[in-house]
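These notes concern the structure reproduced below.
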Amino acid sequence: MKKVSFSRACVLFLIMQSNLFFSFRASAADWVEFPKDFLWCVSTAAHQIEGDNFGSDWWEWEQRPGNSPSGKACDHWHRVKEDTQLIQQVGAKAYRFSIEWARIEPSEGVIDSAAVAHYQEEVELLEQAGIIPIITLQHFTFPLWVSQKGGWEWDGLPDAFQRYTALVAEQIAPHTQYWVTINEPFNYVLGAYYTGEVPPGVKGPIQGIAPALRGILRTHAAAYSTLHRLGAAHQTPTQVGMALQLREMTAKTWWNPLDQLAAKMAYSHFNWTLPDAMTSGNFRMNIPSQIWASETIPGLADTQDFVGMNYYGGDTIAFSAAQGMERLGWPGPEEKDPDAVPRGFYKLVKAVTKRYPGKPILILENGTMDSDDRGRVSLLKNHLKYLNQAMREGAPVRSYCHWTLYDSIEWNQGQGTRMGLFETDYETFERIPRASALFFRQIASENGFQF
Ligand code: BGC
């Protein structure tokens, strides 16, 4: 096993070092071309790669019986330099990554200056390599002390998050243009307060998500104003948004109007509740006899400079007498139609363009679980072709960040889920290039590919 991957790694590495790979160019007819300044990018998240994230709520969660400890993860904490080179090797112009609040402020009010220095160095390395940082401030994890105070439901969260944000923007990344305040908040709160699958693990009625969503919006508004205030002070053009996972929702049957209604409701609540609120300043939700929320949140209106979008596919939705709607799980509509997932990408990008006119769109995540790399190149081709079509029809898409640079810890699923352009050897922490790493590099270098 090892020998095969070593020789494959050598061959791929040599090709990546040479220009051989780029000597072919396809006929214009099949060429999918992107704009010159398009941001080819790769994404990661701190807890999934850094290792030893002792002070976080996820670390505590993972130590519970039956859960998968992340341990050293990919040991990125000690491999920042080498990993920066990997980003260069795949030709990415931007790198989306997150900073761990739990490392910066392991206990309330106590700042770990070594952690601050570490992240400063990481950002400097990226800047020296000419890679644009896209920084996420909260990617699923909290410091344990924040979660013990109530996490998203803690009233003091916006102030505490604002202080953390100010520290990052002043001391770690004063020249950063792109900021993601919170990663995939809507699906996270469903897992955290409804199905109970992620910390704090509350399994309860759907109503439980409303206070957390309110906390998310208040926290985002606080971070937004801080980032803009400090950006102006450092004369750094600043763009702030969230990373929203957007999903297509298909009704279980075409003939039952209740299934159709349930799918429409799921689609609009899941996808638009938060970006609508960041646009209007009003947090509104109405799931009959389950959730009714209507509140103006101070400072929230117009706090989305770009629509940050993560895309992984869709769901099949059925009507349920008890809950109004029920998700029938993964895989969804692609079971019947393999083109459904990439086409869903196109449809959602078009929908975002229509709903938030003029807002730039950053694709912040898209990728696939594929340990033998058989489907990753075709995923890239199919999704990028549809993305390109939406752009030709006017969608203002500025970036495509592939999830992810190398295999990393997949939350509750641990090490088994392999989504990287590079394979991670969890014993040696070697990153071994997959063929799709080469393909990504080709796309990024040529600003397009042959379909
Ligand atoms: C998350 C990542 C995760 C990826 C793949 C996204 O929902 O932001 O942290 O690894 O999906 O499941």
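Only the coordinates and a few stated rules stand behind these numbers; no lab work does. In this text the structure is predicted, and so the values were computed from the model without any measurement. Positions of Cβ are backbone-derived with ideal geometry, glycine not excepted, and every protein chain shown enters the neighbour counts.
Side notes on the structure shown:
- Only alpha carbons enter this Debye calculation for the range 72-131, each as an equal point scatterer, and the log10 of I(q)/I(0) it gives at q = 0.17, 0.20 Å⁻¹ is -0.62, -0.80.
- P(r) tail fraction, the chain - alpha-carbon pairs more than 28 Å apart, %: 50
- Selection among ASN256, ASN412, ALA277 by position relative to the dipole of the chain gives ASN256 as farthest towards the positive end (Cβ unit charges, Cα centre).
- Restricting the chymotrypsin sites (Phe, Trp or Tyr not before Pro) of the range 54-154 to loop positions (DSSP other than H, G, I, E, B) with no more than 12 neighbouring Cβ atoms within 10 Å leaves PHE54.
- When both bridge partners sit in the range 92-247, DSSP labels roughly 15% of those beta bridges antiparallel.
- Annotation: Cα Rg of the range 87-208 relative to the compact-globule expectation 2.2 N^0.38 Å equals 1.17.
- Among the trypsin sites (Lys or Arg not before Pro) in the range 311-376, those placed in a DSSP loop whose Cβ has at most 16 other Cβ atoms within 10 Å are LYS336, ARG374.
- By the rule of a C-alpha distance below 16 Å, with chain neighbours fewer than 8 residues away ignored, the aspartates and glutamates paired with LYS203 are GLU153, GLU326.
- Alpha carbon centroid spacing (whole Å) that separates the range 181-227 from the range 405-426: 25
- J(HN,Hα) series, the range 300-316, from Karplus relation 6.51 cos²θ - 1.76 cosθ + 1.60, nearest Hz, glycine and proline x: 8, 4, 6, 10, 10, 7, 9, 8, x, 10, 10, 9, 10, x, x, 9, 9
- Summarising the strand pairing of the chain, around 35 percent of its internal DSSP beta bridges are antiparallel.
- Sparse packing (at most 14 other Cβ atoms within 10 Å of the Cβ) combined with a DSSP loop state is found for the following GluC sites (Glu not before Pro) in the range 62-110: GLU108.
- Relative packing of 109-115, 433-439, which averages over residues the other C-beta atoms within 10 Å, highest first: 433-439, 109-115
- Here the range 281-345 is described by how far its Cα atoms reach on the three principal axes: 45, 35, 12 Å, from widest to narrowest.
- Highest-first arrangement of 230-237, 385-392, 203-210, 181-188, where packing means the average Cβ count within 10 Å: 181-188, 385-392, 203-210, 230-237
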